[in-house]
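Note sheet for the following structure.
Bear in mind these aren't lab numbers, they're just calculated from the coordinates by the rules spelled out. Since the structure is predicted, the reported quantities are computational estimates derived from the model, not experimental observations. Methodologically, a virtual Cβ is constructed for each residue, glycine included, from the backbone with ideal geometry; neighbour enumeration extends over all protein chains shown.
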Amino acid sequence: MKYSVKITNVGSMANDLLSAGDMIIFEQCEMEALAEVCFMHTKGILNTDIVIGDKVLIGSSAYIIAAVGNEAQHTLKTLGHCTFKFTDDMKPQLPGHINLKGNGLPAPKIGDIISIE
């Protein structure tokens, strides 16, 4: 297991953003406006770098990493933050994106586990 956290809070607009294909996760977010679009989670430790081909589980939904932005490792390790972009595009749009390929969008809720293997 490279990373594992539990969702503790779902921002009031997080699912709206998810329906557009983006899932923002954050360990702690002091900025209320940003917290509204985030899935907040418990503290996690990134044990090793994530790479293309790793498996991501969000609740009962499984995805494969298609691309990793050049800042995603750092922000995930230090802030518990990244944006999962649900696309099989091999090039991330932004440095903090982790592109995930799979079938459909997840339906994350409080108590669900997000893990990377």
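DSSP beta bridges confined to the chain are antiparallel in about 75 percent of cases. About its Cα centre, the chain has a charge dipole of approximately 320 debye under the convention of +1 per Lys or Arg Cβ and -1 per Asp or Glu Cβ, with nothing else charged. Each peptide among 14-22, 78-86, 66-74 gets the average number of other Cβ atoms lying within 10 Å of its residues, and from highest to lowest they stand as 78-86, 66-74, 14-22. Across the alpha-carbon atoms of the stretch 3-116, the computed radius of gyration and Dmax are 12.5, 34 angstrom. Between I45 and K109, the modelled label-to-label distance comes to 3.1 nm, taking each label 7 Å out from Cα in the direction of the beta carbon. Only helices enter the 222 nm calculation for the chain: every DSSP H run of n ≥ 4 contributes -39,500 (n - 2.57), and dividing by all residues gives -3500 deg cm²/dmol, rounded to 500.
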